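Notes follow once the structure below has been shown.
Please treat every number below as a calculation from the coordinates, not as lab data. These figures come from a predicted structure and were not determined experimentally. We place every Cβ from the backbone using ideal geometry, glycine too, and count neighbours over all the protein chains shown.
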Amino acid sequence: MDIKFFARTMQCELCGAPIHGPSKTVQVEGAELCVCIKCAKYGKEIQQSRRGGAPVRRPGVPAASTPQPRRRPRDVFDLIEGEIVDDYAERIRAAREEKEWSTLDLAHATKEREILIKKIEKGDLIPEDAVRRKLERALGIKLIDSAADETEVRGGGRMATTVGDVISFKKIRK
């Protein structure tokens, strides 16, 4: 038998029979299936664009109402700069008191509501990135714990402790 024959023969995605002639694309309970002519009656026929070609437009429907391809949603982890420090509430309160500001003064400096500042200082609320940046600018502090800061604290470019540094290996003598 010819290998090309098998490569071009399609199977109906509903009944499994080989499709002879043109296939139909139908929608059955939300799923798009490529089916034979006999099974096309079980779903609603839809038109699809040919692969690599221009999209198929239905007559009488303006081009603007045709669905546009969806963009890949942005991943939240792409936007994260680092982790917020555990003692962010204490740092904010100490820096505010050092400047002799009230929570209202800090709210005016950051253009945020006073209740938000109070909740952040109590530790009830973790500030969003925009609010965190405003607080850092107004108070002259850092609230992000980044990997660069960790290497400076450890003493230059020294590498972190690994599992291999902690485990003691026993040598088996033969």
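Modelled label positions at residue 142 and residue 108, each set 7 Å beyond Cα in the direction of Cβ, lie 3.1 nm from each other. How far, in nm, would the chain grow between residue 124 and residue 162 when pulled straight, counting 0.36 nm per residue and subtracting the alpha carbon separation? In short, 10.2 nm is gained.
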